[in-house]
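K.L.:
One structure, pasted below without further comment.
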2 protein chains.
Amino acid sequence: MTNGSASTPDRDGVAAPPTLAEVARAAGVSIATASRVLNNSTRVSPEAYQRVCDAASRLGYRRHRAAWGRAQTPVRAVAAVIHAAHRLVFTEPFFARFIGAVEMELAQHDMPLLVTNVSGTLAETVGRYLRAGSVAGVIVVSDHGPLPLSGSLASLGLPVTVVGRPLHPYQVPYVDADNRGGARAAVEYLLGRGRRAIAHLAAPPDTGPGADRRAGYTDAVRAAGLTDLPIAYGDWSQASAAHAMQRLLDQRPQLDAVFAASDVMAAGAVRYLRRVGRRIPDDVAVVGFDDHALATQVRPALTTVRQPIEQIGAVAVRSLLAAAAGELTPEQAATVLPTELILRDSA
Amino acid sequence: MTNGSASTPDRDGVAAPPTLAEVARAAGVSIATASRVLNNSTRVSPEAYQRVCDAASRLGYRRHRAAWGRAQTPVRAVAAVIHAAHRLVFTEPFFARFIGAVEMELAQHDMPLLVTNVSGTLAETVGRYLRAGSVAGVIVVSDHGPLPLSGSLASLGLPVTVVGRPLHPYQVPYVDADNRGGARAAVEYLLGRGRRAIAHLAAPPDTGPGADRRAGYTDAVRAAGLTDLPIAYGDWSQASAAHAMQRLLDQRPQLDAVFAASDVMAAGAVRYLRRVGRRIPDDVAVVGFDDHALATQVRPALTTVRQPIEQIGAVAVRSLLAAAAGELTPEQAATVLPTELILRDSA
């Protein structure tokens, strides 16, 4: 039932597979037109498109048929293990951007990316699966909590690269943005604009980015001699940030600025501040982190710290492939990429 | 460098790994508290949480350490191959809901899900990788176009289940919603409310759901004796739907209803209709398809056709595992689940 192939009984290569010319003839179009349809490369008339599709289906045409059927050099794949709640993967734009960048970099090596989302019970099963040798290496994203995955995977002998500074003592290569420096620059900018009651809407402190952005905030306010400033935690979501913003205002009704640990959380803070009638940035300045497309869609547009997510993805792939080849340089083992403060309207 | 393990030099099992009791002692908490932290099961004080995390990291504790390190029954995984543009996977809520459902069903079998997103050049590489025996089977989602993946993968001998009716002649098991019946019911509802100039904002016709929802629309308007009604195509995105809505109004300025092939596209139509001053539903009634959370967030809330996405995911897993075990029943080879019209404010 699963192997049925209505029009290619020659599946084992005994008879010749249908050629592009045969598809074109059956569809009553030129070879050039059939090729355009099958490569999705240029526009053709809907009628010709449909005729070519029908003919290709009917004849069982497959592009580079040999490549599908025959054993060749084994294909190596890379796994991305996302250690985060399922919901977060689809709502925090970091993941879409990062995965897209990793896919693009791996495509240059003709390697597929397999993404798996682990948030608890399956961690050991995933570890055992990956260890069985089915992938060339593993990129671990959003690792966190009391039992981070990256240490366990690395100690199994798998090539591993972590995105974000690991909080555990296992020595694992990692790629990170300068979260601490970026956060410090954001808060120093607020200080330079005369803000003093600067709160921090923080990300979970059991993640590298959460811990480091908080540390950068603390660096800057301490250097300015400010104490007793409020910090509240969100879980990276807009809803959690709106609640945290409410707690911050309860603690410090006269606060004049908020540094949020992500753009999504900054958007949640903006939403809450507007609802309670605070003007942004006049009453409360808001700075985010990431520089997602979202930052320009929020009103007012977010001043934020840009981290080079696409570059992080590309560098993570290069680091991982170097590690898999036993050629990891000390520089690649701990790469920290610079961030940049982007000024818009919210601060 | 990748295998470093600062605190477990006993990686080969020569010395005993740290126990839960040792972690608890090092953290100065009870075994019960340490266990709660390490299982993320109940709330503990932030201080105790941090102390346990620190102790676990310092000692190199890993839960069920033996399970990670030793060969056991080989772990089998399932792959979900999403044949769609990267952007679509993260903006059309179908994918998040479907993947979540498949993950949950597979977790009951202790099997991980590996998701790979194929949109062109890597298709053959992915096919070769999967064929090498690294997965128990493949669920193909959003298959489309002149060279669908599911036929090729099935003809390689891999257990395959397709989500959505395949448009190609290969016999591959599939799970689908009753797209045609659901679409027909939506349009019949509009007809019953006295609407006559009913346009269709269609999904790509080279996908099963796109073709079948259009067919259901055509069934209903033909049965009512209506002809020359406009159809415009979107690519599942909000932006494409807004443009298609504009074309529909150009063709038929007095249209009084739109049946959109997805909630996301319905939201794009609503946005455009409001921008040009049409009242919904008074001037133009709008019906979507899916019943995503989005349907209740749009203003006015969308009348839509609910398809049971979570159930589709669960059934796809069961069908695939049955096929992999050689136990697929004829009923499982072609499952079509019912849809339901949900009445809200937009029509």
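K.L.:
Any idea what the B:Arg252 label distances to the other copies are, label 7 Å down the Cα→Cβ vector, nm, shortest first?
P.N.:
In ascending order, 5.8 nm.
K.L.:
What is the helix-to-structure angle for A:309-324, meaning the angle in degrees between its Cα long axis and the longest Cα principal axis of chain A, kept from 0 to 90 and rounded to the nearest 10?
P.N.:
60
K.L.:
Loop-only check: which trypsin sites (Lys or Arg not before Pro) in region B:167-201 are DSSP coil with at most 16 other Cβ within 10 angstrom?
P.N.:
In loop regions of region B:167-201 (DSSP not H, G, I, E or B), the sparsely surrounded trypsin sites (Lys or Arg not before Pro) are B:Arg193, B:Arg196.
K.L.:
Please average, across the residues of B:223-233, the number of beta carbons from any other chain that are within 10 Å of each residue's own beta carbon, and give a whole number.
P.N.:
Mean shielding count: 0.
K.L.:
While we're looking at this one, here's another question. Once you have a ≥ b ≥ c as the square roots of the Cα gyration tensor eigenvalues for region B:179-308, tell me rounded if a/c is under 1.5, and otherwise prolate or oblate according to whether a/b is larger than b/c.
P.N.:
Since a/c stays below 1.5, the shape of region B:179-308 is classed as rounded.
K.L.:
Right, another one. What whole-number distance in Å separates the alpha-carbon centres of region B:217-247 and region B:148-214?
P.N.:
After rounding, the separation between the Cα centres reads 15 Å.
K.L.:
What do you get for the angle between helix A:46-59 and the principal long axis of chain A? Use alpha-carbon atoms, 0 to 90 degrees, nearest ten.
P.N.:
Helix A:46-59 sits roughly 60 degrees off the main axis of chain A.
K.L.:
Take every DSSP beta bridge with both residues inside chain A and express the antiparallel ones as a percent of the total, to the nearest 5.
P.N.:
Counting only bridges with both partners in chain A, antiparallel ones make up about 10 percent.
K.L.:
Oh, and also: Please give the net charge around A:His109, taking every other residue with its beta carbon less than 13 angstrom from that of A:His109, where Lys and Arg add +1 and Asp and Glu add -1.
P.N.:
-1
K.L.:
Given axes a ≥ b ≥ c from the Cα gyration tensor, I'd like to know whether chain B is rounded (a/c under 1.5), prolate (a/b larger than b/c) or oblate.
P.N.:
prolate
K.L.:
Then there is this: Roughly what would the spin-label model give for A:Arg87 and A:Arg275, points 7 Å off Cα along C-beta, in nm?
P.N.:
1.5
K.L.:
Would you work out the charge dipole size for the protein assembly as shown about its Cα centre, treating the Cβ of every Lys and Arg as +1 and the Cβ of every Asp and Glu as -1, and quote it to the nearest 20 debye?
P.N.:
That gives a dipole near 660 debye.
K.L.:
Quick check on packing: order A:23-32, A:136-145 by the mean number of other C-beta atoms within 10 Å, highest mean leading.
P.N.:
In decreasing order of mean packing, A:23-32, A:136-145 become A:136-145, A:23-32.
K.L.:
A:Val336 label points, 7 Å along Cα→Cβ, one per copy: pairwise distances from this copy to the rest in nm, shortest first?
P.N.:
Here the equivalent label points are 6.1 nm apart from this one.
K.L.:
Okay, next question. Quick one: among A:Pro205, A:Pro173, A:Pro330, which has the greatest mean-square fluctuation in a GNM of chain A with alpha-carbon springs under 10 angstrom?
P.N.:
Highest fluctuation of the listed residues: A:Pro330.
K.L.:
Can I ask one more? From Cα pairs below 8 angstrom and at least 6 apart in sequence, can you work out the relative contact order of chain A, rounded to a whole percent?
P.N.:
The normalised contact order for chain A reaches 15 percent.
K.L.:
In addition: Just in region A:239-347: which trypsin sites (Lys or Arg not before Pro) are loop by DSSP and have at most 12 other Cβ atoms within 10 Å?
P.N.:
Passing both the DSSP loop test and the Cβ count: A:Arg279.
K.L.:
Nothing charged except the Cβ atoms of Lys and Arg (+1) and of Asp and Glu (-1): what's the magnitude of the dipole of region B:245-315 about its Cα centre? Round to the nearest 20 debye.
P.N.:
Taking the Cα centre of region B:245-315 as origin, the dipole is about 340 debye.
K.L.:
If you don't mind, another one. Classify the protein assembly as shown as rounded, prolate or oblate, taking a ≥ b ≥ c as the square roots of the eigenvalues of its Cα gyration tensor: rounded when a/c is under 1.5, otherwise prolate if a/b is larger than b/c and oblate if not.
P.N.:
It is oblate, given that a/c is not under 1.5 and a/b is not larger than b/c.
K.L.:
Ok, one more. Label position 7 Å from Cα toward Cβ: report the copy-to-copy distances for B:Gln50 in nm, one decimal, ordered from shortest.
P.N.:
6.7
K.L.:
In addition: With n ≥ 4 as the cut-off for DSSP H runs, can you work out [θ] at 222 nm for chain A, using -39500 (n - 2.57) per run divided by the number of residues, rounded to the nearest 500?
P.N.:
Value at 222 nm, helices only, nearest 500: -13000 deg cm²/dmol.
K.L.:
Could you state the number of Å between the C-alpha centres of region B:295-347 and region A:333-347?
P.N.:
Result: 43 Å between the Cα centres.
K.L.:
Calculate how many DSSP beta bridges within the protein assembly as shown are antiparallel, expressed in % of all such bridges and rounded to the nearest 5.
P.N.:
10
K.L.:
What is the angle, in °, between the Cα long axis of helix A:208-223 and the longest principal axis of the Cα atoms in chain A? Nearest 10 is fine, range 0 to 90.
P.N.:
30
K.L.:
Looking at region A:275-347, which GluC sites (Glu not before Pro) are DSSP coil and have at most 10 other C-beta atoms within 10 Å of their C-beta?
P.N.:
Answer by residue number: A:Glu327.
K.L.:
What area, in nm² and to one decimal, does the C-alpha convex hull of region A:82-203 cast on average over all directions?
P.N.:
The directionally averaged projection comes out at 9.5 nm².
Each value in this text was obtained by applying a stated rule to the coordinates, not by laboratory testing. In this text the structure is predicted, and so the values were computed from the model without any measurement. With ideal geometry, Cβ positions are generated from the backbone for all residues, glycine too; neighbour counts draw on all protein chains shown.
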